[in-house]
Every structure is written in structure tokens, then in C-alpha cells.
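Visitor: Input: one structure, supplied below.
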Amino acid sequence: MSAVALLLLTPLVAGFVSLGLRRADALHGVNLTAMLVLAGAQAATMMRVVQHGGFRAYHDLVAVDALSAYVLLIITGIGFTCSLYTRSYFEHYRAQGTISPARMSRYFFLFHMFMFTMILATLANSLGILWVAIEATTLATTFLVNFFKRKASLEAGWKYLILCSVGIALALFGTVLMYLSSVRAMGDVSGALNVTELLQAADQLDPHAVKVAFIFILIGYGTKIGLVPMHTWVPEAYSEAPAPVSAMLAGVLETVALYAVLRSKTVVDAVVSPGYAGNLLIVFGLLSFGVAACFILIQRDVKRLFAYSSIEHMGVAIIGFGVGGAVGTFGALFHLLNHALAKSLAFFAAGNVHIRFGTREIGGVRGLLKAQPITALALLTAGVALVAMPPTAMFLSEVSVITALATHVSGGETIHLGRFLTITIADEARNMGLVSLFLVTAVVVFGGFMYRILGMAWGDPPGEIQQREPWSLAHAPFVVSIGALVALGFFIPDSVGELMAVAVKILTVR
């Protein structure tokens, strides 16, 4: 069986097998086995792409290149660490009797369906199938957000469902406009929405229709990414979902939704001026980065704090892709991987803190270094990474994005003041203004974020809190995530580096 078939069939088989199981050990065993198979299939796919280039399969329904293989690396990698963490996380609730065996079974079914839809979105050659897969992620994750069936989680689930459905409807309209432009150029053919076909027929597509289509696609999928002002579902959903689900939403689903935007952007860049889509991304990226920074300063719930951090970092990545070029695109791609590692680690730590202290309120958690030293180390490492401090890899990716923004050239801007006075603002002046705004916002994020993280770590824990955390296999995902974040700050494995280099060319070559 080919690696592509394994990637698609493994989560489907694991999901339906999980529906028939009622023993926790069996469910976790199936889950980890499926994740290992997916990791192996992804590694085989990645090596094939690195050694032989991209390929198509199943009558061009599947197209795999360096960009899709890179996103698959994030999906399977974070999926694996989440599966490792899930066992210890749910053991607490199962021991309390909060979760029945039937609900555990449904959880794993939905989790594997979630994995399947994201993998399908990444492998799909057609923008239509890509849209169907992104819509299916909403159906799977709505029930995961409301897994604990509390009033707040029910409200968060409905808000997530309604807003994302509206966003996906807008993305559908943009996809239909892209199809209409394609049909006029190529005729009514089965591959009219295939990205490979659209790129080949780019010079025949209607540029005005493509421009309008991209606006709807960006706003639609931008809702799933959590871009401002379509972000309002993010804090509620991330705070109410189980910790492993929050990690998948923040680290993986946002990346897959951004991947959908990038696939459309490659078509738009081939049809119209590359600056059109890039400038739209820069605007939404800066807006998301700035607004999220302001809300980080007033958060009192640790999971909502991480939710706004996700909005901020998606803004950074969007800016990098919008600026484009080798440096900006590389920095944005690297930032997606680093953010996925750091944010999943942060939600793992938040889950442990909630179990031990019984609260998500930042003010209710003190003395974490004494009560849970291993979890405290994970929380502090995630915090340092999320504010882009060395030696974590996120420092390198964010510096790359800032460097690209500083050297971005878009032709200058002319302002007419009356009949006789015309002022031209040079690119250098505008760039320095944007960079200064970016750096000031980053300083605000650093102060507000670390103030809350350090406040939870220092001090003495309340008297009723147990002050011990013996080492166990439950801490394995912490080791994997911390090791990856620090190691990537010093070197990138050759296979991953080659994959990223080719993905950069896919996104920058016109």
C-alpha cells in the first residue's frame, strides 16, 4: 500500500475501530498505533518528495509537493505528541468518573476524523475538495470543543460552528468564482479547480474574477485561521476544549487553513501582480498581531492567553507570507512549525495545571515550580518560545519575518496634497515605520505574556496543593516538544531543510 493511501486510510480505520471499543487501554493503543503509522507514511512521503520531487496520484485528485509534505509533517508530528499526552490527561477524568467509556470512544473517533480531514485537505489537488475537507474539520471539531458538555463549552461550540460555517460559506463563494474563471479559460473539464491546472492556465484566467475570489477565500479561511476581525470564536473554543484538542486547533488546524490560503495565493500571484495578495496578507497580519497583543495584556484565563497568542503568531506568519521573497517565506514556514511545537507544549502544560490546581485563572495559580516542577519547565519553555526569545527556534523565524519586512519593496506611495504639492513616501520610510510598529508590539507582548507566566511559576502554592510531580511516561510529549524547540534553534535537519527550501520556491517563483 502506498504512503498516500496509508495517510488517508489509517485515521479512517482507527476512527471506526475506536467506535467499537470500550476499554481505555485498547483505545489509547489504537490511537498511538495509528499515529505511528501516520508518522511513518509521512516520513516516506517526505523522503520521496525530497529525492524525486512532487508527484500526483489517483487520477490527479492527489498532488503532493514540498509544501504539502511540510504541512503533513506538522499534522503528524503534533498529532503524535497530542496522542502521547491524551493518555495521562484523560486518566484523571476517567478516574473521577467524569468521562464514560462510550464518551472516550466517541472522542477518539472524532479525533481521527479530525486528522483525516486535515490530511485530505493537505493532499487534495482540487480547490473544491480542499474546501470540503476544511468544512469537514468544523463538523468534527465542534463536538470536540463541547466534549465536557458544560454550559460554557456548549456556547463555545455553537459560536465556533456558526462563525466558521459563515467563513467557510464565503470561501465557497470565492472557490466558485475561481471555478467560473477557470471554466471560461479551459472549458468545463473535471480538473477546472485543480491547482496544477489553474497554474498552467494562469495567463488565460480573468484577473478581476481571481482578485475578487481571493478576497472571499482569504476572509473565509481566515476565519478558521483566527485572523482579526474574524477571530472571536478562538478564545472561547480554545479555553473550553480539552487540552489536546486545544493544542490541535492552535498548532495544526490554523496551519491547514493557512495552507488553503497559500494554495489559492499561488494561483493569484500567477494571474495578477504578486503584490496584490501579498499586501492583503500584510494588512490582516499586522491587524491580527496588534489586536492580539492588546488583548494579551488583559487576560486572566491561561488558555485564553494562549488563544490570543495563537492569533498573534498567525499574524506574524501571514506577514511573512505577505512580504514574500525567500527570507520572508522561509521565516513564515519555519514559524508555523515552531508555533505548532510551542503552542501544543503550552496547552499540555495548561492542562496539567488545570488538573492540579482546579482552575484556569492565572491569579489562582502560584508556586508552580514547587508544585509541578516538570510542568513549570514546560510552561516556561513554551512562554520563552512564544515571545520569540533565544535559544528557541521561534526567535530565528520571527527575526526572518522582521528582516523581510524591513527590506520589503512595493513601489512607494504617492500622496497628493492639493493641486501643487505632491509627497512621495519612500519604501524605506514606510518599511521602517512598519518594523518599528512590529517591534513595539512585540515588546508589549513580551512584557504582558511573561508577567503572567512568571507569576504562575514563582511563589508558594496554596497549602492544599500537592507539591510533587514524579517523572513518568506522561511527560514524554514535554521532552519531545522542548527538545525540538531548542534543537531547531541551532540546526535544521537536512531533509526538513531541503523540504522547506523547495516549498519556498513553490510559493515565490512566478
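Visitor: Just to be sure, is A63 among the small types (G, A, S), farther than 21 Å from N338 by Cβ, surrounded by 19 or more Cβ atoms within 10 Å (Cβ to Cβ) and in contact (Cβ under 8 Å) with a residue 40 or more places away in the chain?
Guide: So A63 passes the test.
Visitor: Now for a separate question. Residue check: is A326 under 30 Å from S495 (Cβ atoms) and buried (at least 24 other Cβ atoms within 10 Å of the Cβ)? Let's see the steps before the verdict.
Guide: Values: under 30 Å from S495 (Cβ atoms): yes; buried (at least 24 other Cβ atoms within 10 Å of the Cβ): no.
No.
Visitor: If you scan segment 55-113, which residues turn out to be β-branched (V, I, T) and either within 24 Å of the chain's Cα centre (by Cα) or assigned to a helix (DSSP H, G or I) (or both)?
Guide: If the condition is that a residue be β-branched (V, I, T) and either within 24 Å of the chain's Cα centre (by Cα) or assigned to a helix (DSSP H, G or I) (or both), then V62, V64, V71, I74, I75, T76, I78, T81, T86 are the ones that fit.
Visitor: Name the residue, out of V49, V30, V37, that is buried (at least 22 other Cβ atoms within 10 Å of the Cβ), touching a residue at least 12 places away in the same chain (Cβ under 8 Å) and not charged (D, E, K, R). Let's see the steps before the verdict.
Guide: Working: V30 fails: buried (at least 22 other Cβ atoms within 10 Å of the Cβ); V37 fails: buried (at least 22 other Cβ atoms within 10 Å of the Cβ).
Within the list V49, V30, V37, the selection yields V49.
A quick yes/no check of all residues on (1) modelled with pLDDT under 90; (2) among the hydroxyl-bearing types (S, T, Y); (3) over 21 Å from T266 (Cα atoms):
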residue: Q96; (1), (2), (3): yes, no, yes
residue: S100; (1), (2), (3): yes, yes, yes
residue: R106; (1), (2), (3): no, no, yes
residue: L123; (1), (2), (3): no, no, no
residue: T141; (1), (2), (3): no, yes, yes
residue: S153; (1), (2), (3): yes, yes, yes
residue: L163; (1), (2), (3): no, no, yes
residue: S181; (1), (2), (3): yes, yes, no
residue: M186; (1), (2), (3): yes, no, no
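Visitor: A further question follows. Considering each of F334, F357 in turn, give the residue that is surrounded by fewer than 24 Cβ atoms within 10 Å (Cβ to Cβ) and among the aromatic types (F, W, Y).
Guide: F357
Visitor: Further question on the same structure: Which pairs have Cβ atoms under 9 Å, sit 6 or more apart or on different chains, and link a residue in segment 74-86 that is farther than 14 Å from A43 by Cα to one that is outside any helix (DSSP H, G or I) and open to solvent by less than 10 Å² (accessible area, probe 1.4 Å)?
Guide: Pairs found: T86/P242.
Residue-by-condition table, conditions (1) in a helix (DSSP H, G or I); (2) open to solvent by 10 Å² or more (accessible area, probe 1.4 Å); (3) modelled with pLDDT under 95:
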{"position": "H208", "(1), (2), (3)": "yes, yes, yes"}
{"position": "V212", "(1), (2), (3)": "yes, yes, yes"}
{"position": "L227", "(1), (2), (3)": "no, no, yes"}
{"position": "V234", "(1), (2), (3)": "yes, no, yes"}
{"position": "P244", "(1), (2), (3)": "yes, no, yes"}
{"position": "A250", "(1), (2), (3)": "yes, no, yes"}
{"position": "A257", "(1), (2), (3)": "yes, no, no"}
{"position": "V261", "(1), (2), (3)": "yes, no, no"}
{"position": "A270", "(1), (2), (3)": "yes, yes, yes"}
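Visitor: I need the full set of residues from segment 295-308 which are of a type in the set (F, W, Y) and open to solvent by less than 10 Å² (accessible area, probe 1.4 Å), in order please.
Guide: F306 - this is the single residue of segment 295-308 that is of a type in the set (F, W, Y) and open to solvent by less than 10 Å² (accessible area, probe 1.4 Å).
Visitor: Can you go through D494, D460 and tell me which one is free of Cβ contacts under 8 Å to residues at least 60 places away in the same chain and surrounded by fewer than 16 Cβ atoms within 10 Å (Cβ to Cβ)?
Guide: Exactly one residue qualifies, and that residue is D494.
Visitor: To continue, here is another question. So, in segment 66-77, how many residues would count as being over 16 Å from F114 (Cβ atoms) and open to solvent by 20 Å² or more (accessible area, probe 1.4 Å)?
Guide: Of the residues in segment 66-77, 1 are over 16 Å from F114 (Cβ atoms) and open to solvent by 20 Å² or more (accessible area, probe 1.4 Å).
Visitor: A further question follows. Within segment 165-196, track down each residue that is surrounded by fewer than 19 Cβ atoms within 10 Å (Cβ to Cβ), free of Cβ contacts under 8 Å to residues at least 40 places away in the same chain and assigned to a helix (DSSP H, G or I).
Guide: Of everything in segment 165-196, those that are surrounded by fewer than 19 Cβ atoms within 10 Å (Cβ to Cβ), free of Cβ contacts under 8 Å to residues at least 40 places away in the same chain and assigned to a helix (DSSP H, G or I) turn out to be S165, V176, L180, V183, R184, A185, M186.
Visitor: Then there's this: Among the numbered criteria (1) surrounded by 19 or more Cβ atoms within 10 Å (Cβ to Cβ); (2) within 16 Å of A340 (Cβ to Cβ); (3) of a type in the set (A, V, I, L, M), which single criterion is violated by A487?
Guide: Result: A487 fails condition (1) only.
Visitor: Select from segment 141-162 the residues that are closer than 18 Å to A243 by Cβ and either in contact with a strand residue (DSSP E or B) (Cβ under 6 Å, 6 or more places away or on another chain) or open to solvent by 40 Å² or more (accessible area, probe 1.4 Å) (or both) and list them in ascending order.
Guide: Of everything in segment 141-162, those that are closer than 18 Å to A243 by Cβ and either in contact with a strand residue (DSSP E or B) (Cβ under 6 Å, 6 or more places away or on another chain) or open to solvent by 40 Å² or more (accessible area, probe 1.4 Å) (or both) turn out to be F143, K149, R150, A152.
Visitor: Which of the residues belonging to segment 276-294 are open to solvent by less than 30 Å² (accessible area, probe 1.4 Å) and within 15 Å of V212 (Cα to Cα)?
Guide: Taking segment 276-294 and keeping what is open to solvent by less than 30 Å² (accessible area, probe 1.4 Å), we get 277-278, 281-282, 285, 288-290, 292-293.
A277, G278, L281, listed by residue number.
Visitor: Looking for whichever is open to solvent by 10 Å² or more (accessible area, probe 1.4 Å) and under 25 Å from A192 (Cα atoms) here; the options are F55, F80. Which one fits?
Guide: Of F55, F80, the one residue that is open to solvent by 10 Å² or more (accessible area, probe 1.4 Å) and under 25 Å from A192 (Cα atoms) is F55.
Visitor: Does any residue of segment 94-102 turn out to be open to solvent by less than 60 Å² (accessible area, probe 1.4 Å), small (G, A, S) and in contact with a helix residue (DSSP H, G or I) (Cβ under 7 Å, 6 or more places away or on another chain)?
Guide: Looking through segment 94-102, none of the residues is open to solvent by less than 60 Å² (accessible area, probe 1.4 Å), small (G, A, S) and in contact with a helix residue (DSSP H, G or I) (Cβ under 7 Å, 6 or more places away or on another chain).
Visitor: Out of the helices (runs of 4 or more DSSP H) lying entirely within segment 363-444, which hold 3 or more residues that are open to solvent by 10 Å² or more (accessible area, probe 1.4 Å) and modelled with pLDDT of 80 or more?
Guide: On the way: elements: 368-371, 373-386, 393-406.
Fully inside segment 363-444 and qualifying: 373-386, 393-406.
The values are calculated or read from the model by the stated rules, or taken from the named source; none is laboratory data. Since the model is a prediction, treat every value here as computed from it, not as a measurement. FYI the Cβ positions are ideal-geometry reconstructions off the backbone, even for glycines, and counts take in every protein chain you see. Ligands, DNA and RNA are stripped out before the accessible areas are found, and what is left, the full protein with its side chains, is counted by its heavy atoms. Shrake-Rupley method; radii C 1.70, N 1.55, O 1.52, S 1.80 Å.
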